[in-house]
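Taken together, the values in this text are just the output of simple stated rules run on the coordinates, not laboratory data. Since the model is a prediction, treat every value here as computed from it, not as a measurement. When we count neighbours, we look across all protein chains shown, and the Cβ atoms used for this are built from the backbone with ideal geometry, even at glycine.
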2 protein chains.
Amino acid sequence: MESEDLKKLGLKATAPRMKILSFLETSKVRHMSAEEVYKALLEAGEDIGLATVYRVLTQFEAAGLVSRHHFEGGNSVFEIESGKHHDHILCVKCGRVDEFVDETIESRQRKIADEKGYAMTDHALYIYGICSSCQKKS
Amino acid sequence: MESEDLKKLGLKATAPRMKILSFLETSKVRHMSAEEVYKALLEAGEDIGLATVYRVLTQFEAAGLVSRHHFEGGNSVFEIESGKHHDHILCVKCGRVDEFVDETIESRQRKIADEKGYAMTDHALYIYGICSSCQKKS
DNA sequence: TCACTAAATGCGAAAGATTCTCATTCTTCT
DNA sequence: AGAAGAATGAGAATCTTTCGCATTTAGTGA
């Protein structure tokens with residue numbers, strides 16, 4: 001009964017919100033744009049407006065249920081929160097996305113923010129490259 | 001005579017390109033959106049279309065003269081290439097941008113790309129926070 | 001369980017950023 | 001100076017995301 005989860009976060013357990021959440025939880029693709037979520041739900045027979053998808057994803061982000069990334073190329077992609085912080089490395093050829101965690105980088109970032117006098121609130125690290133399978137193809 | 005610089009890069013030395021380049025080189029503000037460049041040129045009495053600003057900045061990026069960043073919030077910002085690679089830390093309150101270089105992070109990134117089987121082509125690291133002067137205000 | 005109130009949704013319009021089209025104007029080379 | 005091809009400007013078009021508003025729905029209390 002996920003409706004309880006939403007209520008705990010101060011969000012009404014509406015049908016669109018439940019469907020989007022369970023879709024994100026069960027999708028094999030982890031990183032999706034609002035448009036992709038919208039289309040996937042349409043194909044699944046769910047009738048949810050695109051504006052609602054945007055609104056709900058934004059609310060989920062504020063509630064900490066999903067995180068939003070700005071990969072190169074413009075539009076936002078969303079990812080369900082797994083709890084553990086991680087950064088991303090992505091293939092510029094095929095769009096593949098991998099995740100990684102590096103505590104050395106994390107602590108260095110904190111140190112830099114500190115040295116520069118900033119109270120760090122967030123950070124984004126994207127590594128771009130060509131993945132192994134795309135290297136073989138070329 | 002900068003026109004030679006452009007020609008070396010395979011770009012015709014047109015008036016709009018020269019003006020945009022020299023504007024970027026002399027501007028006190030290092031990070032600007034296409035729109036901001038456009039407006040600044042207008043105010044300086046130069047009559048250059050917005051579409052041209054976009055085109056020229058994209059060409060300059062391809063030629064390595066400027067780099068493009070995707071800070072949080074959507075639109076692209078451009079910065080003239082200084083030669084030395086650096087990353088950015090920015091204030092979420094006032095928009096201030098500072099630069100930094102950290103070789104430890106750089107080498108860690110190369111290591112991660114390597115471990116994941118990627119041929120790294122690029123990377124972007126943005127640290128977000130509240131700068132010292134904004135901290136005092138609040 | 002039923003009705004009420006506030007909040008959420010859907011749809012189309014609107015806004016913001018960036019790209020495209022195409023006629024006109026330059027650059028470069030001769 | 002003249003020709004050929006590339007670049008520019010202005011506005012239309014596109015894409016992503018947000019807004020406005022009438023309609024529907026969830027949560028609550030009687």
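Taking a ≥ b ≥ c as the square roots of the Cα gyration tensor eigenvalues, with a/c under 1.5 meaning rounded and otherwise prolate when a/b beats b/c, else oblate, which class fits the protein assembly as shown? Verdict is prolate for the protein assembly as shown.
In order along segment A:120-126, the phi-based Karplus estimate (6.51 cos²θ - 1.76 cosθ + 1.60, θ = phi - 60°) of 3J(HN,Hα) comes to 5, 10, 6, 7, 9, 10, 10 Hz; Gly and Pro are listed as x. So what's the gap between the Cα centers of segment B:93-123 and segment A:1-77, to the nearest angstrom? Answer, in whole Å: 30. Measuring r between the beta carbons of A:LYS93 and A:HIS69 and using R0 = 22 Å, the FRET efficiency lands at 0.70.
Our coupling estimate for segment B:62-72, obtained by passing each phi through the Karplus curve with A = 6.51, B = -1.76, C = 1.60 and θ = phi - 60°, is 4, 7, x, 7, 9, 10, 10, 10, 10, 6, 4 Hz, Gly and Pro reported as x. Taking θ as phi - 60° and the Karplus parameters 6.51, -1.76 and 1.60, the scalar couplings of segment B:47-52 work out to 10, 10, x, 4, 4, 5 Hz in sequence order, x denoting glycine and proline.
Computed over all pairs of different Cα atoms, the Kirkwood value for the hydrodynamic radius of segment A:87-137 is 12.7 Å.
Springs between alpha-carbon pairs under 10 angstrom, Gaussian network model over chain B: which of B:ASP98, B:ASP47, B:ASP122 fluctuates most? Residue with maximal mean-square fluctuation among B:ASP98, B:ASP47, B:ASP122: B:ASP122. Where both bridge residues fall in segment A:87-137, DSSP classifies roughly 50% of the beta bridges as antiparallel. For chain B, what does the alpha-carbon gyration tensor say about shape, rounded, prolate or oblate, given a ≥ b ≥ c as the root eigenvalues, a/c under 1.5 as rounded, and a/b over b/c as prolate? Verdict is oblate for chain B.
Spacing of the modelled spin labels on A:PHE100 and B:GLU103, each 7 Å from Cα toward Cβ, amounts to 2.0 nm.
Excluding same-chain neighbours fewer than eight residues apart, the aspartates and glutamates reachable from A:LYS93 by a Cα-Cα span under 15 Å are A:GLU72, B:ASP122. Around the amide H of A:HIS123, modelled in the peptide plane, lie the amide H atoms of B:TYR128, all under 5 Å away and 5 or more residues distant in sequence or on another chain. Rounded to the nearest 5, what % of the DSSP beta bridges within chain A are antiparallel ones? So the antiparallel bridges amount to about 70 percent of the total.
The label point for A:GLN135 and the one for A:THR52, both projected 7 Å from the Cα toward the Cβ, are 4.6 nm apart. The helix-based estimate of mean residue ellipticity at 222 nm for chain A, built from -39,500 (n - 2.57) per DSSP H run of four or more residues and divided by its residue count, is -13000 deg cm²/dmol to the nearest 500. Length gained on full extension, B:VAL29 to B:SER82, computed as 0.36 nm times the residue gap minus the Cα-Cα distance: 17.7 nm. Between the amide H of A:VAL66 and those of A:GLU61, A:GLU81, distances stay under 5 Å, these residues lying 5 or more places away or on another chain, with hydrogens modeled in the peptide plane.
Is segment B:3-80 rounded, prolate or oblate when judged by the Cα gyration tensor, a ≥ b ≥ c being the square roots of its eigenvalues, rounded requiring a/c under 1.5 and prolate requiring a/b larger than b/c?
Working: a/c = 1.72, a/b = 1.23, b/c = 1.41.
It is oblate, given that a/c is not under 1.5 and a/b is not larger than b/c.
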